[in-house]
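Novice: Just passing along the structure, written as structure tokens.
The values are calculated or read from the model by the stated rules, or taken from the named source; none is laboratory data. In this text the structure is predicted, and so the values were computed from the model without any measurement. Because the Cβ atoms are built from the backbone with ideal geometry, glycine has one as well, and the counts that use them run over all protein chains shown. To get the accessible areas, we keep the full protein, side chains included, count just its heavy atoms, and leave off ligands, DNA and RNA. Shrake-Rupley method; radii C 1.70, N 1.55, O 1.52, S 1.80 Å.
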Amino acid sequence: YRLGIDLGVTVEDGFGRPHVARAIDAHPETAYDYGDAFEQLIGNDNPCYVPRDVPSFEYGLGALTASCRLVSLAHPLRYPDPKEAVALTAEPSLEAVERHYAYTREGVDHGLVDRAIERYGLFVTGGSDAHDDELGIAGLSRHEYEQLGIEEIPEK
């Protein structure tokens, strides 16, 4: 399934579906906005969705643990069934979980994440990364930030 138009995007490092959705939204020959692009074209199980070869949780955790100071599960509520998120339901090997994120779906229940944070003593991470036009609309409280052990809090 194709739109039959050139979206004018180039694939580079860090390229993903949000970039495609923005290009679809911005193109004058499409009737799709950013959300429609995901819901009708490039979202999971839609006509233009191409699944990635995702490594196992254990492999990814090992690679990140070897190279990062802190490993956090990003977007835990984006799983089709968040209760299946390994780090939220099993004794986790992770140190942190993304709690603050600009979720746009209706009815998102943060209770599962909150319970995992409490149960396993996880650090809290979050933010609005490259998935929207505005950065910094979701983020940590001063207390959560200080718990990460970062020496200095940048001034706004």
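Novice: Confirm whether residue 59 is assigned to a loop (DSSP other than H, G, I, E, B), open to solvent by 40 Å² or more (accessible area, probe 1.4 Å) and modelled with pLDDT of 85 or more.
Specialist: So residue 59 fails the test.
Novice: So in the stretch 17-34, with the set limited to residues that are among the charged types (D, E, K, R) and not in a loop (DSSP other than H, G, I, E, B), which one is surrounded by the fewest Cβ atoms within 10 Å (Cβ to Cβ)?
Specialist: Within the stretch 17-34, the match that is surrounded by the fewest Cβ atoms within 10 Å (Cβ to Cβ) is 25.
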